[in-house]
Amino acid sequence: MRLLAGGLAVAGSLALTLVLRPLPSPLVVGPAMLAAVAMSLVWWPRARPFLAAVTAAVGVIGATCTLAWLAAPGITPGIAGGPSTYVHTVAVLTLVTLTVRWTPVRQAVPAVGAAAVSEALLALQIMHPPPSGLEAVAVTLFWSVGTAGATGLGAYLRALDRRRVEAVRQARRTQRLQLARDLHDFVAHDVSAMVIQAQAAQILLDRDPAEAAAALRAIEEDGARALASMDRTVRMLRELEGEGASAEPLPGLDGLPDLIRRFADAGFPDTDMRIEPSGPVPREVATTIYRIVVEALTNVRKHAPAGSSVAIRVSDETGAVVVTVADHARDQALPRLPTAERAGVGLAGLAERVGALGGEFTSGRAAGGGWVVKAVFP
């Protein structure tokens, strides 16, 4: 509304000026008034789909009227465009800028072309009498510098808009990748436990029904946790889309004891954990430590022989928080329950996350056998 009022004020000022001065030809004043009104209206968001058409129409009408004015006999020296020419020029340049910024290229090119011709011809309205020959060409080329500047400004604003849209898209993509990691880190851990418990229940069903029932209860608990993790992810997706749903915080160091207990109950009773940080651990670091332990234990389930010992340590070393997860098979001949083999991306994602926090992440085979995962947070 303010822009519309400003455009109408410009048109009113032009009308007042024309009353106080000798009246130019309607072929000069009419297109100027039309361009001023169009410049005001195109700021209205609902009018933007028609911006290219409006700019092209203003350009064609302006160029036609200027040529008709030049061809009219008896042009009075000293009564040319005056203020109307300058208002017309500003309006056309504004339309060119907005068209380049907001309109698709296929529509913008012909519209800006028509407006550029119209704006170049406006230079002839300020000459008394209108020039001819090379002088007219030179004047129109000089007056076209404004069109080039308006086109460059529109292209710059268009690039800024594209950059802003791309930044928002990239931020959403990053958040979605983070949610995918959440699903991998938490849901995959619970599902892998469910698979092992289900396999154990099949073996124990005839031999020890009580133990089989306990395994089925563990499956139920793991399934409930997996559903809770997915529910948290869905709420975070809704929050990402602007629905305002709040998600519960991810687990940290306080969630490790329950995690280790469930892991030990799922077939790895020789699991030891020590959490010995001397001071408070930042929330992001604590959450990442929980992710590291979850991923490491998931890999133990997948790849380590049944009954392997697992040691988890979270401690301070020279001012840094260090987390280590190491497994060791007491008897390399022990079989493990069959699981599906496939390449994972969990460790690579953890290395990226630890690096983003300024830490160092390593994983590999231990000297005495087994596997060690270690992260150091400064």
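So S229 fits all but one of (1) under 20 Å from G349 (Cα atoms); (2) modelled with pLDDT of 75 or more; (3) assigned to a helix (DSSP H, G or I); what number is the exception?
Result: S229 passes all but (2).
Among residues belonging to the range 259-283 that are part of a helix (DSSP H, G or I) and in contact with a helix residue (DSSP H, G or I) (Cβ under 9 Å, 6 or more places away or on another chain), point out the one that is most open to solvent (accessible area, probe 1.4 Å).
Once the filter is applied, the top-ranked residue is D265.
Please count how many residues of the range 97-148 are outside any helix (DSSP H, G or I) and open to solvent by 30 Å² or more (accessible area, probe 1.4 Å).
8
Determine the pairs where a residue that is in a helix (DSSP H, G or I) and modelled with pLDDT under 80, located within the range 154-175, has a partner that is surrounded by 11 or more Cβ atoms within 10 Å (Cβ to Cβ) and of a type in the set (A, V, I, L, M, F, W, C) with Cβ atoms under 9 Å apart, the partner being 6 or more residues away or on another chain.
As it stands, the answer is R172/L240; Q175/M236; Q175/L237; Q175/L240, since those pairs meet every condition given.
Restrict the check to the range 189-196 and report whether at least one residue is modelled with pLDDT of 85 or more and assigned to a helix (DSSP H, G or I).
no
Going by the structure shown, is V54 open to solvent by 40 Å² or more (accessible area, probe 1.4 Å), closer than 24 Å to L124 by Cβ, within 44 Å of the chain's Cα centre (by Cα) and at pLDDT 60 or above?
Taking the combined requirement at face value, the residue satisfies it.
The values are calculated or read from the model by the stated rules, or taken from the named source; none is laboratory data. The model shown is predicted, which means the values in this text are computed figures rather than measured ones. Neighbour counts run over all protein chains shown; Cβ positions are idealised from the backbone, glycine included. Keep in mind that these areas ignore ligands, DNA and RNA; they rest on the heavy atoms of the full protein, side chains included. Shrake-Rupley method; radii C 1.70, N 1.55, O 1.52, S 1.80 Å.
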